[in-house]
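Please read the structure below before turning to the comments.
The values are calculated or read from the model by the stated rules, or taken from the named source; none is laboratory data. These figures come from a predicted structure and were not determined experimentally. Note that each Cβ is placed from the backbone with ideal geometry, even for glycine, and that neighbours are counted across all protein chains shown. Just so you know, the surface numbers come from the protein's heavy atoms only, side chains and all, with ligands and any DNA or RNA stripped out. Shrake-Rupley method; radii C 1.70, N 1.55, O 1.52, S 1.80 Å.
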Amino acid sequence: MSRSSTAEQFVQVLRQAGVERVYGIVGDSLNPFVDAIRRTEGIAWVHVRNEEAGAFAAAAEAQLTGRLAVCAGSCGPGNTHLIQGLYDAHRSGAPVLAIASQIPTEQIGTGFFQETHPERLFVECSGYCELVSQPSQMPRLARIAIQHAIGAGGVSVLVMPGDVLDQRAVHPTGEGVLFAEQATGVPGPEQVAALAERLNAARTVTLFCGAGTRRAHREVMELAGRLHSPVGHSLRGKEWIQYENPYDVGMSGMLGYGACYQAMHAADLLLLLGTDFPYDAFLPQAHTVQVDHDATRLGRRTPLELAVHGDVAATLRAVLPLVEQKPDRSFLDQMLREHARSLERVVDAYTADVEHHVPIHPEYAAAVLDEVAADDAVFTVDTGMCNVWAARYITPNGRRRVIGSFVHGTMANALPHAIGAQLAYPRRQVISMSGDGGLGMLLGELLTVALHELPVKIVTFDNSSLGMVKLEMLVDGIPDYQTDHAPVDYAAIAAAAGIHALRVEQPADVRSALQAALSHPGPALVDLVTDPNAMSIPPRITGEQVRGFAVAAGKIVLTGGVGRMLELARSNVRNIPRPSVVP
Ligand SMILES: Cc1ncc(C[n+]2csc(CCOP(=O)(O)OP(=O)(O)O)c2C)c(N)n1
């Protein structure tokens, strides 16, 4: 019996792992692999316009489904393009396998055309990265790489020279068993008892929830009811915990809102649940207990009174029988009232009378999008102000998903994430909330959407500005510089690419345009011309930052005329936190 090539064998292993597609761009050393895909049932090549987008698409697919997703780049530049998306995938814990094809084996180390050393390049954005230098290493290395991606949750890279892929396989492919369900970690009885003791001893407890509360909604609510705890969340925790949550006090961090910060600081005890929330300045740095399934995260943002290693849901199930019902809910009520007050002035202020505001107010547009989107829509969100609009206006319900580059924080993630999401869920509504900066950065992916006729809905918050950076500059006390640019008609560009597109300049047209796009059977883009001065001020800003804002405003008056300042002032005045935030 003639043996298959190493490339064919590798593709067989991918099929055994349930892989249905590989995102990438074909080329030279990768060709034997691509050809093996062409000849294998059940697996397809998804042509993207930039390997970076391929890696983002794989990251989204893996994050949403929890299953392995695969991308590939040819030797040299095809590899280096992968990096951004792989950082995003790895830092999000998405099980992604990247195939980095390599120059011919005999040329490695000679300074050959397109030579890089992917096994060095990808070290920081992967948990496993190995060179396959001869066919006899396969299929074992393929299985190890896959197991690593799934087992550790992150990126694996296989560096494969084209000549090795082309050679005949040495070992039989076999059917190694992979991909066991992750075990659920439960802390030992002593830790459980210590946790119960802390919770019972504290007069008031606030819960702060991250992405680790996925599958722990019921347990968190039960604990909050028992303790009368306000429940706050991080950006990544929002989709899992904010819905059907009578204890909700909002979100913390620079994009945050509501009474979360206050509840975390005012409680006797703060319980961090499944969160690696990075902004230590927003944590009280005292009276904190943390539960996380990853022990390496415990205590790395704040000193802890108690560190508990375990899955959040399992830990709470273990501790709940030992937790006493607290009699007094005055702290919770106070925080809920404070939360409602701050929402009225910070969030609702913008959507109250903006139906007539031209340019379109982005918060109004986001609020309408939230209303008209499907109950199980997948939102992919660009880094930049779209993060703020999504965090504040997209209402989670346990069925919707919201993903973004929430850890790596790169621009241009939303559209390629949407590509992966739509391929993973062909029948679900997938909405890319794109900044115009983000869309422009990977604009070629409109062609990917059109080519594959993916019914992705691209909602562009087109403010002709790098809005998030503009805000940063103002808050830092420097005038905004190089953030604004001439308008671009993204609807015309999308239409030229064959995408159903609408440019919307009047707020009265927002709803009908979004509805038309969402009900369009194929790809659609809505280019919303939005107000670049619609900014969002965090609920907690320091006196220094407020002063910085005033100084920047002064400089703009001096150099740019008052017209712009007036718009800026009008846009922001209703949103500036009340004096409580200014020392
Ligand atoms: C690749 C990359 N480059 C630069 C940045 C810094 N950055 C963060 S948000 C942002 C502006 C995004 O602009 P846009 O997509 O237009 O969205 P807006 O904030 O205006 O809504 C920039 C430049 C980044 N995060 N990633």
For ASP248, residues with placed amide H under 5 Å, excluding near neighbours: VAL231
Spin-label proximity, ASN245 to region 397-432 - amide N less than 19 Å from point 7 Å beyond Cα toward beta carbon: 397-407
Sequence ranges 32-41, 278-287, ranked by mean other-Cβ count within 10 angstrom, highest first: 32-41, 278-287
Two-decimal log10 I(q)/I(0) for region 240-311, as the Debye equation yields it once each C-alpha is a single scatterer, q = 0.13, 0.20, 0.22 Å⁻¹: -0.37, -0.88, -1.05
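Taking a probe of 1.4 Å, how large is the accessible area per residue of the chain, in Å²? Write out the running numbers ahead of the final one.
Working: 23110 Å² over 583 residues.
Per-residue accessible area for the chain comes out at 40 Å².
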Gap separating the Cα centres of region 260-275 and region 402-445, nearest whole Å: 32 Å
Cα pair distances of region 204-347 binned at 10 Å [whole percent]: 13, 48, 35, 5, 0
HN-Hα J in Hz across region 156-170 - Karplus 6.51, -1.76, 1.60, θ = phi - 60°, x for Gly and Pro: 10, 10, 10, 8, 10, x, x, 5, 6, 4, 7, 6, 5, 5, 8
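Put MET138, MET411 in order of accessible area, largest first, 1.4 Å probe: what do you get?
Values: MET138 0, MET411 60 Å².
Ranked list, largest accessible area first: MET411, MET138.
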Whole-Hz couplings from phi, Karplus 6.51/-1.76/1.60, listed for region 313-322; x for Gly and Pro: 4, 5, 5, 5, 4, 6, 8, 3, x, 9
Taking all pairs of distinct alpha-carbon atoms in region 278-427, Kirkwood radius in angstrom: 19.2 Å
Region 180-240, Rg to Rh (Cα coordinates; Rh as Kirkwood inverse mean 1/r): 1.00
Charge dipole (debye, nearest 20) of region 160-306; +1 at Cβ of Lys and Arg, -1 at Cβ of Asp and Glu: 340 debye
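How large is the charge dipole for the chain, taken about the Cα centre, if only the Cβ atoms of Lys, Arg (+1) and Asp, Glu (-1) carry charge, to the nearest 20 debye? Intermediate values should be presented prior to the final figure.
Numbers: 46 positive and 61 negative charges, 163 e Å.
Computed about the Cα centre, the dipole is about 780 debye.
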J(HN,Hα) series, region 281-288, from Karplus relation 6.51 cos²θ - 1.76 cosθ + 1.60, nearest Hz, glycine and proline x: 5, 8, 9, x, 6, 7, 5, 10
Debye log10 I(q)/I(0) at q = 0.14, 0.22 Å⁻¹ for region 1-84, Cα point scatterers: -0.45, -1.05
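Find the Cα radius of gyration of region 129-265, compare it with 2.2 N^0.38 Å by division, and give the number to two decimals. Mind showing how you got there, number by number?
Working: Rg = 23.2 Å, N = 137, 2.2 N^0.38 = 14.3 Å.
Compactness ratio reported: 1.62.
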Cα Rg, Dmax (largest Cα-Cα span) when computed across the chain, Å: 25.2, 82
Beta bridges per DSSP with both ends in the chain, % antiparallel, nearest 5: 5 percent
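Mean residue ellipticity at 222 nm from the helices of the chain, using -39,500 (n - 2.57) per DSSP H segment of n ≥ 4 over the full residue count, to the nearest 500 deg cm²/dmol? Walk me through the numbers on the way to the answer.
On the way: 25 runs with 234 residues, N = 583.
Helix contribution divided over all residues of the chain: -11500 deg cm²/dmol.
Over the chain, what relative contact order in percent results from Cα pairs under 8 Å that are six or more residues apart?
12 percent
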Dipole magnitude of region 420-507 about its Cα centre (Cβ charges: Lys, Arg +1; Asp, Glu -1), debye to nearest 20: 480 debye
Distance between modelled label sites at ASP294 and LEU322, nm, 7 Å Cα→Cβ extension: 2.7 nm
Evaluated over region 395-528, the Cα radius of gyration and Dmax, each in Å: 15.3, 47
Spatially proximal aspartates and glutamates relative to LYS470 (Cα-Cα < 13 Å; intrachain offsets below 8 disregarded): ASP480, ASP484, ASP531
Accessible area of the chain belonging to carbon and sulfur atoms, whole % at 1.4 Å probe: 53 percent
ILE144 accessible area, assembled protein chains, probe 1.4 Å, Å²: 70 Å²
Cα pair distances of region 19-136 binned at 10 Å [whole percent]: 14, 47, 33, 5, 0
